[in-house]
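Undergrad: Got a structure here, written out as structure tokens. Questions coming.
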Amino acid sequence: MKLLRRTLLPMLLSAALIMAALTAKAAKPDFAPLDRVMRQAIADSVFPGASLAVIWRGKTVWHKGYGRVTYDPEIAPADTTTIYDAASLTKAVVTTSIVMQLVERDSLDLKAPVSHYRPAFDPNGNERITIEQLLRHTSGLQAHVYFAETCSTPSEVLQAIDQESLISTPGTRTEYSDLNFILLGHIVERITGRSLAANFRARFAGPLGMTSTIFTPPDSLLPHIAPTGEDGVWMLPRPRPLVNDQNAALLGGVAGHAGLFTTTGDLQKMVRMLMNGGELDGRRYLKASTVRRFLKRDDTPRARGWDLVTPGGTSSAGHYFSASSWGHLGFTGTSIWVDPEKDLAVILLSNRVWPTPKNIRIRKFRPLLHDTVVECVNEL
């Protein structure tokens with residue numbers, strides 16, 4: 001009997017381990033419904049092409065390109081290496097991440113007035129606006145100004161923002177504003193003495209291996225970049241930077257609110273680092289306490305630099321992402337949404353603005369996309 005136990009026990013344990021491994025392998029979500037939704041989006045002209053990544057339980061479980069970079073059937077297909085204009089994802093991925101490092105290293109004080117870092121920014125009641133309010137979009141500055149009508153240089157843009165009148169008392173109302181992050185980008189450069197692009201490359205993109213992430217991409221990369229349409233009102237004598245956002249172009253293509261070009265493969269690394277409390281592959285980029293601090297809802301609709309799920313099921317994240325979810329959208333058709341409770345992230349890059357930004361079908365598509373992803377992983 002003892003001999004039998006000694007013989008059978010290792011065999012049973014080995015069989016159990018094999019079964020567990022097979023079960024774990026079989027537990028991968030079935031993303032066929034997600035594939036159908038993405039293909040239908042192409043057929044419905046939500047966008048000409050897109051790249052989609054799904055991170056679940058610490059691993060990328062879906063990563064695929066769809067459609068083409070334009071609606072021309074003869075042009076090359078889009079894939080996971082296609083580079084997209086990230087638009088306002090720049091605010092969260094670049095500017096906010098650098099601010100996080102500066103705050104935890106005591107180079108930047110969230111409670112300090114903006115005028116402490118930019119003394120010219122103090123007329124019209126603006127002296128009351130804090131760095132925190134810029135991050136949360138509660139500064140009282142208006143949402144957007146078409147600076148090309150009155151400005152021709154970066155310094156003129158900043159001077160114009162200095163003179164902006166407030167539309168609400170700072171800290172009393174949330175109004176998503178590009179002006180907030182144009183200021184933040186400038187403050188980062190002023191504190192560090194380096195451009196926003198150089199800061200991001202040294203602090204995050206380089207160490208994370210985000211090799212296809214760049215500001216002001218050179219002409220040599222154009223075959224790999226999804227186009228966003230032509231700017232028919234560029235009046236300046238100098239060449240226009242590629243970025244879709246004209247204010248970012250006016251600022252030289254590198255700005256706190258827009259300008260980043262990237263891929264889903266690269267963004268996965270950044271998102272996984274944040275999901276993992278500021279650490280990835282044994283290297284720490286941010287303190288876990290800093291990540292928690294910036295992604296906390298508190299008593300405002302937005303976190304610091306990131307958006308939060310809107311209560312009542314009206315969010316672009318759909319109906320199933322938890323109340324603790326955070327993310328951001330980009331005008332060109334880009335988005336990141338992360339649900340820490342589900343250990344789930346969805347990264348979408350597209351050029352829905354080709355050939356015209358009047359195409360707003362993505363507004364209905366985004367909730368459907370995120371609902372479908374959650375339904376796929378919930379099948380297990």
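The values are calculated or read from the model by the stated rules, or taken from the named source; none is laboratory data. Treat the numbers as computed from the prediction; the structure is a model and nothing was measured. Every residue, glycine among them, receives a Cβ derived from its backbone with ideal geometry; neighbour counts consider all protein chains shown.
Undergrad: Scan the range 55-87 for residues that are part of a strand (DSSP E or B) and either more than 21 Å from Gln40 (Cα to Cα) or in contact with a Pro (Cβ under 9 Å, 6 or more places away or on another chain) (or both) and report the count.
TA: Total meeting the criteria: 12.
Undergrad: Shifting gears a bit: Six or more apart or on different chains, Cβ atoms under 9 Å: show the pairs whose first residue is in the range 207-228 and without any contact (Cβ under 8 Å) to a residue 60 or more places away in the chain and farther than 16 Å from Ser195 by Cβ and whose second is crowded, with 20+ Cβ neighbours inside 10 Å and among the charged types (D, E, K, R).
TA: Thr211/Asp266
Undergrad: Write out, first by first residue and then by second, each pair whose Cβ atoms fall under 7 Å of each other, whose residues are 6+ apart or on separate chains, and whose first residue, in the range 91-108, is farther than 18 Å from Phe331 by Cα while the second is assigned to a helix (DSSP H, G or I) and among the hydroxyl-bearing types (Ser, Thr, Tyr).
TA: Met100/Thr290; Val103/Thr290; Glu104/Thr290
Undergrad: Here are Tyr66, Tyr84, Tyr117: which of them is of a type in the set (Ser, Thr, Tyr), within 29 Å of Val346 (Cα to Cα), touching a residue at least 60 places away in the same chain (Cβ under 8 Å) and surrounded by 13 or more Cβ atoms within 10 Å (Cβ to Cβ)?
TA: Going through Tyr66, Tyr84, Tyr117 in turn, the sole match is Tyr84.
Undergrad: Here's something else I'd like to know. If you go through the range 145-166 one residue at a time, how many are aliphatic (A, V, I, L, M), under 17 Å from Leu134 (Cβ atoms) and in a helix (DSSP H, G or I)?
TA: Total satisfying the criteria: 4.
Undergrad: Could you check the range 45-63 and list, in sequence order, the residues that are loosely packed, with under 14 Cβ neighbours inside 10 Å and farther than 15 Å from Gly333 by Cα?
TA: Residues satisfying the conditions are Arg57, Gly58, Lys59.
Undergrad: Any residue at all in the range 276-294 that is among the aliphatic types (A, V, I, L, M), within 19 Å of Tyr176 (Cβ to Cβ) and modelled with pLDDT of 95 or more?
TA: no
Undergrad: Looking only at the range 232-291, filter to residues that are in contact with a helix residue (DSSP H, G or I) (Cβ under 6 Å, 6 or more places away or on another chain) and among the charged types (D, E, K, R); which one of those is farthest from Val338 (Cα to Cα)?
TA: Arg240
Undergrad: Could you grab me the full set of residues in the range 189-223 that are in contact with a Phe, Trp or Tyr (Cβ under 9 Å, 6 or more places away or on another chain) and either under 23 Å from Gln133 (Cβ atoms) or surrounded by 23 or more Cβ atoms within 10 Å (Cβ to Cβ) (or both)?
TA: Result: Arg190, Ile191, Leu196, Phe200, Thr213, Phe215.
Undergrad: I would also like to ask the following. Would you mind stating whether Arg57 is free of Cβ contacts under 8 Å to residues at least 12 places away in the same chain and more than 26 Å from Asp178 (Cβ to Cβ)?
TA: In short, no.
Undergrad: Could I ask something else about it? Of all the residues that make up the range 129-183, how many are basic (Lys, Arg) and buried (at least 16 other Cβ atoms within 10 Å of the Cβ)?
TA: The number of residues fulfilling the criteria is 1.
Undergrad: Can you tell me which residues in the range 229-262 are touching a residue at least 24 places away in the same chain (Cβ under 8 Å), assigned to a loop (DSSP other than H, G, I, E, B), closer than 21 Å to Glu156 by Cα and not hydrophobic (A, V, I, L, M, F, W, C)?
TA: The answer is Pro241, Asn244, Asp245, Gly252, Gly253, Gly256, His257, Gly259.
Undergrad: Of all residues being touching a Leu at 6+ places or on another chain (Cβ under 8 Å), hydrophobic (A, V, I, L, M, F, W, C) and assigned to a loop (DSSP other than H, G, I, E, B) in the range 88-119, which is nearest to Trp326 (Cα to Cα)? Just the residue, please.
TA: Leu110
Undergrad: Now for a separate question. Scan Arg292, Arg297 and give me the residue that is out of contact with any His (no Cβ under 9 Å at 6 or more places or on another chain), surrounded by fewer than 18 Cβ atoms within 10 Å (Cβ to Cβ), outside any helix (DSSP H, G or I) and free of Cβ contacts under 8 Å to residues at least 40 places away in the same chain.
TA: Arg297
Undergrad: Based on this model, can you work out whether Asp266 counts as crowded, with 20+ Cβ neighbours inside 10 Å and either charged (D, E, K, R) or part of a loop (DSSP other than H, G, I, E, B) (or both)?
TA: yes
Undergrad: Still on this structure, I have one more. Give the residues of the range 315-353 that are farther than 17 Å from Arg363 by Cβ and of a type in the set (D, E, K, R), sorted by residue number.
TA: Result: Asp339, Glu341, Lys342, Asp343.
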